[in-house]
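Enquirer: Dumping the structure here so I can ask a few things about it.
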Amino acid sequence: MQILTNSNGPVRATESRWQQQMKLAIRSPERLARELDLPLDAICPRQANGCGKGSFPLFVPLPYLARIERGNPQDPLLLQVLPTHQENEMAPGFSEDPIDESSFLAATGLLHKYLGRALMIVSGTCAIHCRYCFRRHFPYSESSGLATGWQEAVDHLRADNSIREVILSGGDPLTVVDAQLEALIDRLESINHLRRLRVHTRLPVVIPQRITQQLVNRLTCSTLRTVFVIHCNHANEVDSEVAAAVNRLTGNSIPVLNQSVLLRGVNDSLAALTGLSERLIQIGVIPYYLHQLDPVAGAAHFQVPVERGLELVEQMRATLSGYLVPRYVQEIPGLQSKTKLA
Ligand SMILES: *Cc1c(COP(=O)(O)O)cnc(C)c1O
Ligand code: SF4
């Protein structure tokens, strides 16, 4: 058997390509700097913050790296994955659980916050580490139901017949292998009152090979209607591989929507936001949400004021077809849905 070694154990030829890509991902600032032709100083000034070697380390898979412009320290994709010293700065109003998620844990691995739908934390693992992530401090090891086969979560779903839709989320639910995912879908299908399965995932964008034919086949023959919500913040994140992955879904009648986060330096301009919507629709993806950043500790440097966001969305509306303007929303703890800002 062919074995390539790297920092996360051997990569086996028998593994699927996406699993190999998970192992081959970049985990050190030194390697990231080398690959991008940047001085280490630009990636890791003063070796700040252990440069993301702490509880939320740097993690960039190679298919995503390939879309970052070489030699550009301000690249909008690089900024999303680069740990900086600003992460250590305390900002008023920014906390570890900014949207009070822990109080909505209905069962291990299940957040039931809104009527009719519940969100399953299928896995605590992600295929990329986005520095602005609102779940970056979430206690996954205690909260994902993976270890117990999601038993408690499935029991809760079965017992509450007001729930029509299950959202598979995380972390990223598609970091779980197909066989396990299929076993979970089998169990969800056995719950009579469920109608829809929604998959919240960044994998079609960061490792498009994850959308395997086996997975698509399983979803297509499901009794549940499947909807994908991918996560893409900038047009440069979409290349032909991403388009092909999306096509494997939409070509099998699985609708694909996108959610993005408004991020300073990444997409807080009219050109970036219209460019994103136009690129998405070219590959058959409908813009769904543009999220106001949740005030999570370590991400204050990404914040765009709501007034600026409103201005940008108004400009988008004046420029784009209505269906290309995402709903600009904010998560306000305690309310019955996300709050529409524009
Ligand atoms: C965002 C979210 C949902 C889904 O909300 P929609 O507005 O239906 O997209 C469901 N549950 C939780 C906990 C959420 O955070
Ligand atoms: S993929 Fe999603 S959950 Fe994972 S780090 Fe990025 S934003 Fe957070």
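The values are calculated or read from the model by the stated rules, or taken from the named source; none is laboratory data. As the structure is a computational prediction, the values presented were derived from the model and not from experiment. Because the Cβ atoms are built from the backbone with ideal geometry, glycine has one as well, and the counts that use them run over all protein chains shown. With ligands, DNA and RNA removed, areas are computed over all heavy atoms of the protein, side chains included. Shrake-Rupley method; radii C 1.70, N 1.55, O 1.52, S 1.80 Å.
Enquirer: Please list 260, 162 from largest to smallest accessible area, probe radius 1.4 Å, with all protein chains kept in place.
Expert: Most to least solvent-accessible, the answer reads 162, 260.
Enquirer: Also, I was wondering about something else. For the chain, what class follows from the C-alpha gyration tensor (a ≥ b ≥ c being the square roots of its eigenvalues): rounded when a/c is under 1.5, otherwise prolate if a/b is larger than b/c, else oblate?
Expert: Since a/c stays below 1.5, the shape of the chain is classed as rounded.
Enquirer: Another one. How long are the semi-axes of the ellipsoid equivalent to segment 262-342, from square roots of 5 times the Cα gyration tensor eigenvalues, in whole Å, largest first?
Expert: They are 21, 15, 12 Å, listed largest first.
Enquirer: Ordering 120, 90, 22 from largest to smallest accessible area (1.4 angstrom probe), what's the sequence?
Expert: Heavy-atom accessible area, descending, gives 90, 22, 120.
Enquirer: Would you please give the FRET efficiency between residue 223 and residue 14, computed as 1/(1 + (r/R0)^6) with r the Cβ-Cβ distance and R0 = 35 Å, to the nearest 0.05?
Expert: Here the calculated transfer efficiency is 0.65.
Enquirer: Apply the Kirkwood formula to segment 200-342: the hydrodynamic radius equals the inverse of the mean of 1/r over all pairs of different alpha-carbon atoms; give it in Å with one decimal.
Expert: In segment 200-342 this quantity evaluates to 15.9 Å.
Enquirer: Only bridges with both residues in the chain count here: give the DSSP antiparallel percent, nearest 5.
Expert: Taking every DSSP beta bridge within the chain, about 25 percent pair in antiparallel fashion.
Enquirer: How much solvent-accessible surface does residue 134 expose, in Å² to the nearest 10, with a 1.4 Å probe and all protein chains in place?
Expert: Rounded to the nearest 10, that gives 60 Å².
Enquirer: Additional query: Rolling a 1.4 Å sphere over the protein heavy atoms, what is the accessible area per residue of the chain, to the nearest Å²?
Expert: For the chain, the solvent-accessible area averages 43 Å² per residue.
Enquirer: Let me ask another. Using a 1.4 Å probe on the protein chains only, how many percent of the accessible area of the chain belongs to carbon and sulfur?
Expert: Accessible surface attributable to carbon and sulfur in the chain totals 50 percent.
Enquirer: Treating only the Cβ of Lys, Arg, Asp and Glu as charged (+1, +1, -1, -1), what charge dipole size does the chain show about its Cα centre? Round to the nearest 20 debye.
Expert: 620 debye
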